[in-house]
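What follows is a single structure, written as structure tokens, with notes after it.
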Amino acid sequence: MIFSVSSLLVPFLFFASVLAQGSFINNPKDGARLRNGQSFTLQVVRPMSHQGSIEVGFAVGLLPCISLPCPPPSEQVGRIMYNGPYRPQLQEIPGSPYQNFTFTIPPRDEFPRGTAQLSTVRLHFIGAGPFPILEFNNITLRIV
Ligand SMILES: *[C@@H]1O[C@H](CO)[C@@H](O)[C@H](O)[C@H]1NC(C)=O
Ligand SMILES: *[C@@H]1O[C@H](CO)[C@@H](O)[C@H](O)[C@H]1NC(C)=O
């Protein structure tokens, strides 16, 4: 059997291109402190390299971390803050279209103080197939 370098590179490049499709949370910053009842902007960036990507589904969850570490969003999303389209637009950040979402941390009687996990769940299609990718992002918030 003959292995060529290029056959080894194909899975790597495939993986790299999948990673390059990633969106990320640019705001709030990981570890941000927010009060119950405080509103904040979630900014989800999808870099320009993703032009071929077709958005299919998008949701945002907020989960109180009852025990640490918090379960990943692939296991528990928590309170669904948003479930709808993700349509990033090119704004003031060159090459980085984004969409802003405005949320309010629920009141104290509905949401405990302490560590919480803000997560995004994004299903999109890429490539000619196309093939589906389920993508998760999460950051930690301190509810104070
Ligand atoms: C999106 O949110 C960020 C952070 O709050 C803000 O700086 C930016 O101006 C907002 N962009 C738009 C188009 O409203
Ligand atoms: C969020 O995701 C990262 C990996 O990107 C992980 O290390 C972290 O523990 C996760 N959980 C929270 C609550 O941020």
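The values are calculated or read from the model by the stated rules, or taken from the named source; none is laboratory data. All of these numbers come straight from a predicted model, not from anything done at the bench. Here the Cβ is made from the backbone with ideal geometry for all residues, glycine too, and neighbour counts use every protein chain on show.
For segment 52-103, which positions are among the hydroxyl-bearing types (Ser, Thr, Tyr) and out of contact with any Phe, Trp or Tyr (no Cβ under 9 Å at 6 or more places or on another chain)? Walk me through it before giving the result.
Residues of segment 52-103 that are among the hydroxyl-bearing types (Ser, Thr, Tyr), as a first pass: 53, 67, 74, 82, 86, 96, 98, 102.
Across segment 52-103, the qualifying residues are 67, 96, 98.
When you scan segment 103-144, how many residues do you find that are surrounded by fewer than 16 Cβ atoms within 10 Å (Cβ to Cβ), modelled with pLDDT of 95 or more and more than 15 Å from residue 58 (Cα to Cα)?
10
Can you tell me which of 39, 49 is modelled with pLDDT of 95 or more and among the hydroxyl-bearing types (Ser, Thr, Tyr)?
39
Report those strands (runs of 3 or more DSSP E) wholly inside segment 14-126 carrying at least 1 residues which are away from ligand 1 (no atom under 16 Å from the Cβ).
Filter on segment 14-126 gives 54-64, 79-83, 114-126.
Given (1) free of Cβ contacts under 8 Å to residues at least 40 places away in the same chain; (2) part of a strand (DSSP E or B); (3) within 16 Å of ligand 1 (Cβ to nearest atom), where does residue 141 come up short, assuming only one miss?
(1)
Across segment 103-132, what is the number of residues that are away from ligand 2 (no atom under 16 Å from the Cβ), under 15 Å from the mean Cα position of the chain (by Cα) and of a type in the set (A, V, I, L, M)?
1
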